[in-house]
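Structure first, then comments.
The values are calculated or read from the model by the stated rules, or taken from the named source; none is laboratory data. Given the structure is predicted, the values throughout are model-derived calculations rather than measurements. Heads up, the Cβs are rebuilt from the backbone with ideal geometry, glycines too, and the neighbour counts pull from every protein chain shown. In case anyone asks, the SASA skips ligands and DNA or RNA and just uses the protein heavy atoms, side chains included. Shrake-Rupley method; radii C 1.70, N 1.55, O 1.52, S 1.80 Å.
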Amino acid sequence: MNTLKAEKRSLDVKAKRLRREGYVVGNVFGREMKESIPVKMVKRDVEKLLKTDHKGSQIMLDGTAYDVLIKNVDYNPVAGQIDSIEFQALVSNEKVHSVAEIVLVNHEKIAEGVLQEDLNEVAYMAYPASLVDQVMVDVGEMKIGDVIRVKDLSLAADPDITIKTNPESIVVSLMASHNVEAPAEDTEEAEEK
(Lines give C-alpha, C1' and ligand atoms only; values in the text may rest on other atoms or scores of the structure.)
Protein backbone atom coordinates (compact mmCIF):
# COMPACT_ATOMS: atom_id res chain seq x y z
CA MET A 1 0.00 0.00 0.00
CA ASN A 2 1.33 3.41 -0.98
CA THR A 3 1.57 6.38 1.36
CA LEU A 4 0.80 10.03 0.68
CA LYS A 5 1.83 12.81 3.06
CA ALA A 6 -1.13 15.04 3.90
CA GLU A 7 -1.38 17.93 6.33
CA LYS A 8 -4.53 19.20 7.97
CA ARG A 9 -5.30 22.57 6.41
CA SER A 10 -6.91 25.68 7.76
CA LEU A 11 -10.05 26.78 5.96
CA ASP A 12 -8.88 30.40 6.42
CA VAL A 13 -6.57 29.91 3.43
CA LYS A 14 -8.48 29.58 0.17
CA ALA A 15 -7.99 26.49 -1.98
CA LYS A 16 -7.15 28.66 -5.00
CA ARG A 17 -4.21 30.18 -3.14
CA LEU A 18 -2.96 26.75 -2.02
CA ARG A 19 -3.07 25.48 -5.62
CA ARG A 20 -0.96 28.48 -6.72
CA GLU A 21 1.53 27.57 -3.97
CA GLY A 22 1.89 24.00 -5.30
CA TYR A 23 -0.65 22.10 -3.20
CA VAL A 24 -3.64 19.90 -3.96
CA VAL A 25 -6.54 20.18 -1.52
CA GLY A 26 -8.72 17.36 -0.31
CA ASN A 27 -11.10 16.05 2.31
CA VAL A 28 -11.08 12.92 4.44
CA PHE A 29 -14.50 11.65 5.50
CA GLY A 30 -15.79 8.50 7.11
CA ARG A 31 -18.63 6.99 9.07
CA GLU A 32 -16.77 7.02 12.37
CA MET A 33 -15.55 10.60 11.96
CA LYS A 34 -17.54 13.44 13.53
CA GLU A 35 -16.73 15.75 10.62
CA SER A 36 -14.60 15.67 7.51
CA ILE A 37 -10.98 16.76 7.76
CA PRO A 38 -9.74 19.26 5.15
CA VAL A 39 -6.19 18.39 4.02
CA LYS A 40 -3.50 19.68 1.68
CA MET A 41 -0.84 17.66 -0.15
CA VAL A 42 2.19 18.63 -2.20
CA LYS A 43 1.17 18.61 -5.88
CA ARG A 44 4.33 16.75 -6.99
CA ASP A 45 3.64 13.95 -4.46
CA VAL A 46 0.02 13.63 -5.62
CA GLU A 47 1.03 13.44 -9.30
CA LYS A 48 3.60 10.74 -8.48
CA LEU A 49 1.02 8.74 -6.50
CA LEU A 50 -1.61 8.97 -9.25
CA LYS A 51 0.78 7.33 -11.74
CA THR A 52 0.28 4.04 -9.85
CA ASP A 53 -2.91 4.59 -7.83
CA HIS A 54 -6.27 5.98 -8.90
CA LYS A 55 -9.93 6.17 -7.92
CA GLY A 56 -10.66 3.00 -5.95
CA SER A 57 -7.09 2.54 -4.66
CA GLN A 58 -6.38 2.03 -0.98
CA ILE A 59 -3.55 4.17 0.44
CA MET A 60 -2.25 5.40 3.81
CA LEU A 61 -2.50 9.13 4.47
CA ASP A 62 0.66 9.99 6.40
CA GLY A 63 0.08 12.90 8.75
CA THR A 64 -3.52 11.91 9.46
CA ALA A 65 -2.79 8.22 10.21
CA TYR A 66 -5.83 7.14 8.19
CA ASP A 67 -6.08 4.12 5.93
CA VAL A 68 -8.17 5.58 3.10
CA LEU A 69 -9.79 4.84 -0.22
CA ILE A 70 -9.41 7.36 -3.06
CA LYS A 71 -13.08 8.15 -3.75
CA ASN A 72 -12.84 10.98 -6.26
CA VAL A 73 -10.17 12.94 -8.13
CA ASP A 74 -11.23 16.31 -9.58
CA TYR A 75 -9.01 17.20 -12.54
CA ASN A 76 -9.08 20.60 -14.20
CA PRO A 77 -8.25 19.99 -17.88
CA VAL A 78 -8.03 23.72 -18.68
CA ALA A 79 -5.38 24.38 -16.04
CA GLY A 80 -3.86 20.92 -16.55
CA GLN A 81 -3.87 20.15 -12.83
CA ILE A 82 -5.56 18.15 -10.11
CA ASP A 83 -7.91 20.42 -8.16
CA SER A 84 -8.94 18.18 -5.28
CA ILE A 85 -9.15 14.61 -3.99
CA GLU A 86 -11.75 13.04 -1.72
CA PHE A 87 -10.71 10.20 0.59
CA GLN A 88 -12.90 7.83 2.57
CA ALA A 89 -11.46 6.68 5.89
CA LEU A 90 -11.73 2.90 6.11
CA VAL A 91 -13.06 0.92 9.04
CA SER A 92 -12.03 -2.76 9.11
CA ASN A 93 -15.54 -4.09 9.86
CA GLU A 94 -17.43 -1.89 7.36
CA LYS A 95 -17.97 -2.64 3.69
CA VAL A 96 -17.26 0.31 1.39
CA HIS A 97 -18.30 1.11 -2.17
CA SER A 98 -15.39 1.13 -4.60
CA VAL A 99 -14.47 0.56 -8.25
CA ALA A 100 -11.89 -1.68 -9.87
CA GLU A 101 -10.27 -0.74 -13.17
CA ILE A 102 -10.55 -3.41 -15.89
CA VAL A 103 -7.20 -4.14 -17.56
CA LEU A 104 -7.17 -6.26 -20.72
CA VAL A 105 -4.10 -8.50 -21.08
CA ASN A 106 -2.80 -10.63 -23.97
CA HIS A 107 -4.70 -8.64 -26.62
CA GLU A 108 -1.66 -8.97 -28.90
CA LYS A 109 -2.44 -12.74 -29.20
CA ILE A 110 -5.68 -12.07 -31.05
CA ALA A 111 -5.06 -12.91 -34.72
CA GLU A 112 -8.38 -11.79 -36.18
CA GLY A 113 -11.35 -9.73 -35.17
CA VAL A 114 -11.75 -6.52 -33.24
CA LEU A 115 -11.93 -6.23 -29.44
CA GLN A 116 -14.86 -4.13 -28.24
CA GLU A 117 -14.34 -2.99 -24.63
CA ASP A 118 -17.68 -1.90 -23.15
CA LEU A 119 -16.68 -1.41 -19.49
CA ASN A 120 -13.48 0.06 -18.07
CA GLU A 121 -14.40 -0.32 -14.38
CA VAL A 122 -16.62 -2.44 -12.14
CA ALA A 123 -18.43 -1.10 -9.06
CA TYR A 124 -18.46 -3.29 -5.95
CA MET A 125 -18.63 -3.36 -2.14
CA ALA A 126 -16.04 -5.02 0.09
CA TYR A 127 -14.32 -4.88 3.47
CA PRO A 128 -11.01 -2.96 3.41
CA ALA A 129 -8.99 -6.20 3.51
CA SER A 130 -10.64 -7.36 0.26
CA LEU A 131 -10.33 -4.14 -1.77
CA VAL A 132 -8.77 -4.40 -5.23
CA ASP A 133 -8.07 -1.56 -7.64
CA GLN A 134 -7.58 -3.59 -10.85
CA VAL A 135 -9.10 -6.70 -12.44
CA MET A 136 -6.96 -8.40 -15.09
CA VAL A 137 -8.99 -9.87 -17.98
CA ASP A 138 -7.11 -12.31 -20.23
CA VAL A 139 -8.46 -11.93 -23.78
CA GLY A 140 -5.72 -13.98 -25.47
CA GLU A 141 -7.87 -17.10 -25.97
CA MET A 142 -11.01 -15.30 -27.24
CA LYS A 143 -12.53 -16.33 -30.58
CA ILE A 144 -14.83 -14.25 -32.78
CA GLY A 145 -18.23 -14.03 -31.12
CA ASP A 146 -16.89 -14.62 -27.58
CA VAL A 147 -18.13 -12.32 -24.83
CA ILE A 148 -16.82 -11.78 -21.29
CA ARG A 149 -19.41 -10.49 -18.84
CA VAL A 150 -19.04 -9.02 -15.34
CA LYS A 151 -20.20 -12.35 -13.84
CA ASP A 152 -17.21 -14.05 -15.56
CA LEU A 153 -14.61 -11.88 -13.79
CA SER A 154 -12.48 -13.21 -10.93
CA LEU A 155 -13.90 -10.38 -8.80
CA ALA A 156 -17.42 -11.83 -9.13
CA ALA A 157 -16.26 -15.22 -7.80
CA ASP A 158 -14.80 -13.70 -4.61
CA PRO A 159 -17.20 -14.38 -1.69
CA ASP A 160 -15.92 -11.30 0.18
CA ILE A 161 -16.96 -8.96 -2.65
CA THR A 162 -20.48 -7.84 -3.61
CA ILE A 163 -20.65 -6.75 -7.26
CA LYS A 164 -22.81 -3.64 -7.83
CA THR A 165 -22.44 -3.46 -11.63
CA ASN A 166 -25.03 -5.59 -13.46
CA PRO A 167 -23.51 -9.13 -13.67
CA GLU A 168 -24.87 -9.51 -17.23
CA SER A 169 -23.08 -6.35 -18.46
CA ILE A 170 -20.59 -7.05 -21.22
CA VAL A 171 -16.99 -6.22 -20.33
CA VAL A 172 -15.37 -7.11 -23.65
CA SER A 173 -16.35 -8.94 -26.84
CA LEU A 174 -14.50 -10.05 -29.96
CA MET A 175 -16.27 -9.11 -33.17
CA ALA A 176 -15.51 -9.99 -36.78
CA SER A 177 -13.95 -7.05 -38.57
CA HIS A 178 -16.04 -5.79 -41.43
CA ASN A 179 -13.91 -4.19 -44.11
CA VAL A 180 -16.12 -1.94 -46.17
CA GLU A 181 -14.92 -1.28 -49.68
CA ALA A 182 -15.14 2.26 -50.96
CA PRO A 183 -17.99 2.53 -53.48
CA ALA A 184 -16.70 2.47 -57.06
CA GLU A 185 -17.72 5.38 -59.29
CA ASP A 186 -20.45 4.61 -61.72
CA THR A 187 -18.68 3.65 -64.95
CA GLU A 188 -21.09 5.70 -67.09
CA GLU A 189 -20.35 8.86 -65.09
CA ALA A 190 -16.64 8.18 -65.37
CA GLU A 191 -16.90 7.84 -69.17
CA GLU A 192 -18.80 11.15 -69.47
CA LYS A 193 -16.00 13.02 -67.68
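Suppose we keep only residues that are of a type in the set (A, V, I, L, M) and more than 20 Å from residue 98 (Cβ to Cβ) within the stretch 40-53. Which one would you say is surrounded by the fewest Cβ atoms within 10 Å (Cβ to Cβ)? Across the stretch 40-53, the extreme among qualifying residues is 42. Residues in the stretch 133-152 that are buried (at least 19 other Cβ atoms within 10 Å of the Cβ) and assigned to a loop (DSSP other than H, G, I, E, B): 133, 139, 142.
Across the stretch 153-176, what is the number of residues that are open to solvent by 60 Å² or more (accessible area, probe 1.4 Å) and within 30 Å of residue 93 (Cβ to Cβ)? Number of matching residues: 7. Residues in the stretch 105-143 that are aliphatic (A, V, I, L, M), within 18 Å of the chain's Cα centre (by Cα) and closer than 15 Å to residue 95 by Cβ: 123, 125, 126, 131, 132. Listed by first and then second residue, the pairs linking a residue in the stretch 127-147 that is under 30 Å from residue 2 (Cα atoms) to a residue that is assigned to a helix (DSSP H, G or I) and of a type in the set (Asp, Glu), with Cβ atoms under 9 Å apart and 6 or more places separating them unless they lie on different chains, are 137/152. Evaluate the following for residue 4: is it within 23 Å of the chain's Cα centre (by Cα) and either farther than 14 Å from residue 128 by Cβ or of a type in the set (Asp, Glu) (or both)? In short, yes. Looking at this structure, is residue 190 small (Gly, Ala, Ser), in a loop (DSSP other than H, G, I, E, B) and modelled with pLDDT under 85? The answer is no for residue 190. When residue 56 is tested against the conditions (1) open to solvent by 30 Å² or more (accessible area, probe 1.4 Å); (2) at pLDDT 85 or above; (3) more than 22 Å from residue 20 (Cα to Cα); (4) not in a strand (DSSP E or B), the lone failure is (1). The requirement of being surrounded by fewer than 17 Cβ atoms within 10 Å (Cβ to Cβ), within 30 Å of residue 158 (Cα to Cα), in contact (Cβ under 8 Å) with a residue 24 or more places away in the chain and aromatic (Phe, Trp, Tyr) is satisfied by residue 29. Taken together, the residues in the stretch 18-38 that are in contact with a Phe, Trp or Tyr (Cβ under 9 Å, 6 or more places away or on another chain) and among the basic types (Lys, Arg) amount to 0. For the stretch 85-129, a residue qualifies if it is surrounded by fewer than 16 Cβ atoms within 10 Å (Cβ to Cβ) and among the hydroxyl-bearing types (Ser, Thr, Tyr), and the qualifying residues are 92, 127.
The residue that is nearest to residue 48 (Cα to Cα), among those in the stretch 6-20 that are open to solvent by 100 Å² or more (accessible area, probe 1.4 Å) and either in contact with a helix residue (DSSP H, G or I) (Cβ under 7 Å, 6 or more places away or on another chain) or without any contact (Cβ under 8 Å) to a residue 12 or more places away in the chain (or both), is 20. Just give me the residues in the stretch 134-148 being touching a strand residue (DSSP E or B) at 6+ places or on another chain (Cβ under 6 Å) and not β-branched (Val, Ile, Thr), in sequence order. If the condition is that a residue be touching a strand residue (DSSP E or B) at 6+ places or on another chain (Cβ under 6 Å) and not β-branched (Val, Ile, Thr), then 134, 136, 138, 142, 146 are the ones that fit. Of all residue pairs spaced 6 or more apart or on separate chains, those with beta-carbon atoms under 8 Å, a first member in the stretch 39-55 that is under 15 Å from residue 8 (Cα atoms) and a second member that is open to solvent by 50 Å² or more (accessible area, probe 1.4 Å) and of a type in the set (S, T, N, Q) are 39/27.
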